[in-house]
Amino acid sequence: MYAGRKIALGLAVAALAGGMATVTGPAAAAPATGRSAAAECGVRADGKLWCGNRVGAKGYEHRRYNSAVRGPLNTSPSWFQCWGRGDQHAGGNNVWYWTQLDNGQWGNVPAVDVHTSVDPAPGLREC
């Protein structure tokens, strides 16, 4: 019975460690500056822009407000594949970012809803 408890305890520790790795994984990917992933906004080695965004931002089918809404960004930060020009928005420009939304659909998000310091984000490819 003692060996059974050791095995059960070992499995529980492994499961807990695996769960903690999942929770802390993105933070481990943050830059060495000590900033959290949420505070970071830049293009990473994978070519994607990782940046904070307005929670609840809408993703549109096209880079126009009168196109179909594909879904929301309910989490922050998010990643963005590329950028393109579209409708002017409250951010003072016409830059939109392409991403996979939280519902699995792909959509265009106006730059006003992405916490970049300049648009388009330096180093992100145009699409």
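Suppose we filter V118, V112 for residues that are over 13 Å from H62 (Cβ atoms) and free of Cβ contacts under 8 Å to residues at least 12 places away in the same chain; which single one remains?
V118
State the number of residues belonging to the stretch 55-90 that are surrounded by 15 or more Cβ atoms within 10 Å (Cβ to Cβ) and assigned to a loop (DSSP other than H, G, I, E, B).
Residues meeting the conditions: 8.
If I filter the stretch 91-127 down to residues being part of a loop (DSSP other than H, G, I, E, B) and of a type in the set (D, E, K, R), which single residue comes out as nearest to D46 (Cα to Cα)?
R125
Coordinate-derived values only; no laboratory data. Treat the numbers as computed from the prediction; the structure is a model and nothing was measured. Heads up, the Cβs are rebuilt from the backbone with ideal geometry, glycines too, and the neighbour counts pull from every protein chain shown.
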